[in-house]
Structure formats: structure tokens, C-alpha cells
Amino acid sequence: SAVISQKPSRDICQRGTSLTIQCQVDSQVTMMFWYRQQPGQSLTLIATANQGSEATYESGFVIDKFPISRPNLTFSTLTVSNMSPEDSSIYLCSVETGDGKWVTEAFFGQGTRLTVV
Amino acid sequence: DQQVKQNSPSLSVQEGRISILNCDYTNSMFDYFLWYKKYPAEGPTFLISISSIKDKNEDGRFTVFLNKSAKHLSLHIVPSQPGDSAVYFCAASGGGLGRGSTLGRLYFGRGTQLTVWP
């Protein structure tokens, strides 16, 4: 299992500003994942954060809007840049375990509830 | 395109009775399925999983059933307890959808809010 600490847990931000969310894992992991859950929607993968290389972004998400850092195997940050009210969501970081072929379990941080006003 | 669907946004059940949460998927490449429970202000926590080689997996009060031909799975909670009140997410994984590694990504449904009342 993995324990993930994510902060801040919530924030209210002004339009046009940026917020950096931090995620700390209690063990070394190769990949960390950032998700967004908009109200009434499913968890949507934003990007995969790999240590030592650029993050891999899913369709619809770009690095300029959601820059990610991954300085070591236990830590990652996601920045939501130039925020607008449409960015109001819950942001979650996650790590996964698998049997070498499939993802068999995922662990999540407690989430960051972002409100942009 | 929603590849994992939970068509019931909410479910209300009396304590002691069975809760049945349903999930449908569209991609036949999915081979591993997971259920997560989420309380307010917390991240989702893993509940139970099932691989496609099985049609049933049981863990205490929780049982997941998989019907591959119908691309349907369900989570049964018996007996339901007020502490089970939470949002339940269904997720699916498939190796053919990998992102540069042997691990495929997870696709999530939108969740079902379960309320268990005394």
C-alpha cells in the first residue's frame, strides 16, 4: 500500500492566478498521476508524472496550463495556471500498483478542492 | 467518450438491506475492474477488484459480480450499514490502453452516491 499526503486540501483563488498542489508519497514510485474531478463528472486523468522526464499529458490538457514537476521518486507538484472558474474542481494525485501487466490498485491523496472566483 | 458508465447517480437503501451498485463498460479490452469508495473531503479508497478470469469476488460484506458478455459489473453490499454511505466509483483497466508502460490507465465512472438510512 501507499500513503499519499496532498496539500492544500482546499483553496479559493482569484481568476488569473495560479495554484500549486503538492503530493508526497511514503514510498518511491516510478509514476505519479494527477486527476481532476469536476462536479458530477468522473475522475479524469490530467497527466502522468515521470521522474527525470517530461510529464505525459492526456488529450485536452497541456503543459502550459498544468505544469508538473517530479523532482524525485516520492514527490510531485501540479500547478493550475491562469485559473478561471471552469478550473474549479477536485484535483487528486495518485500512485498505482500492478502485477506487471494490469493496474491492480490505485491509491489517492485526499484531494484538493479548488474554487476559482 | 465515457467508457465506464455508472448510470445511477444516487441510491438510497435501508440499513440491513442489500445495496447493489451497477457499472457498465464499452471497451472489450478492459480486463480488470475496481471499486472505490469516497467520503467527502477524502481521496477515493480501494474497496474490491475483480479480474476477467472470474465472475465473482467476495470480501466480507462486499461482493463484485462480472458479466463479461454484457460488459456489466455490480457491487453488492450485504448487509448495508450507515457507514457505507459514500460515493462509489467503478474503474476499469486494460493493457491494450497502456501509456508507455506495461500498466494501463484506469478509466473511472462518474460515481454513485449511496445513502444508507437507519
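Taken together, the values in this text are just the output of simple stated rules run on the coordinates, not laboratory data. Just so it is clear, the structure is predicted and the values come from calculations on it, not from any experiment. Because the Cβ atoms are built from the backbone with ideal geometry, glycine has one as well, and the counts that use them run over all protein chains shown.
Below are the figures for this structure:
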{"read-out": "Within-10-Å neighbourhood charge of B:PHE46 [Cβ basis; K, R +1; D, E -1]", "value": "0"}
{"read-out": "Environment charge of B:THR63, counting only residues whose C-beta is closer than 15 Å and scoring Lys/Arg +1, Asp/Glu -1", "value": "+1"}
{"read-out": "Translational diffusion of the protein assembly as shown, µm² s⁻¹ [Kirkwood Rh, Cα pairs; Stokes-Einstein; 10 °C; 1.306 mPa s]", "value": "87 µm²/s"}
{"read-out": "Integer Hz, Karplus 6.51/-1.76/1.60 couplings in order for region B:55-66, x for Gly and Pro", "value": "10, 7, 9, 10, 8, x, 7, 9, 9, 10, 10, 10"}
{"read-out": "For region A:1-53, alpha-carbon Rg over 2.2 N^0.38 Å", "value": "1.33"}
{"read-out": "Most mobile listed residue (A:ILE12, A:ILE90, A:ILE63) in chain A, GNM with C-alpha springs under 10 Å", "value": "A:ILE12"}
{"read-out": "Student exercise, the protein assembly as shown dipole from Lys, Arg, Asp, Glu Cβ charges, in Debye to nearest 20", "value": "200 debye"}
{"read-out": "Electrostatic dipole magnitude of region B:4-117 [Cβ: Lys, Arg +1; Asp, Glu -1; Cα centre; debye, to 20]", "value": "280 debye"}
{"read-out": "B:GLU15 long-range amide H proximity, modeled H, under 5 Å", "value": "B:TRP117"}
{"read-out": "Across chain A: Cys residues that no other cysteine approaches within a C-beta distance under 4.7 Å", "value": "A:CYS13"}
{"read-out": "Shape of chain A, Cα gyration tensor, a/c cut at 1.5", "value": "prolate"}
{"read-out": "Region A:22-45 versus region B:43-76: alpha-carbon centroid distance in Å", "value": "23 Å"}
{"read-out": "Förster radius 30 Å - calculated FRET efficiency between B:ALA41 and B:ALA70, Cβ distance, rounded to 0.05", "value": "0.25"}
{"read-out": "Size of electric dipole in chain A: Cβ of Lys, Arg +1 and of Asp, Glu -1, about Cα centre, debye, nearest 20", "value": "260 debye"}
{"read-out": "Beta bridge orientation in the protein assembly as shown: antiparallel %, DSSP, nearest 5", "value": "90 percent"}
{"read-out": "Most mobile listed residue (A:GLU96, A:GLU54, A:GLU105) in chain A, GNM with C-alpha springs under 10 Å", "value": "A:GLU105"}
{"read-out": "Efficiency of FRET between B:ASN7 and A:SER18 - r from beta-carbon atoms, R0 30 angstrom, step 0.05", "value": "0.25"}
{"read-out": "Net charge of Cβ neighbours under 13 Å - reference A:TYR91; Lys, Arg +1; Asp, Glu -1", "value": "+3"}
{"read-out": "Sequence-distant lysines (8 or more away, or on other chains) whose Cα lies within less than 20 Å of B:LYS5", "value": "B:LYS37, B:LYS38, B:LYS56, B:LYS68, B:LYS71"}
{"read-out": "Beta bridges per DSSP with both ends in region A:3-117, % antiparallel, nearest 5", "value": "90 percent"}
{"read-out": "Neighbouring partner chain Cβ atoms per residue of A:106-117, average, 10 Å criterion", "value": "3"}
{"read-out": "Chain B: most fluctuating residue of B:ASP55, B:ASP24, B:ASP84 per GNM, C-alpha cutoff 10 Å", "value": "B:ASP55"}
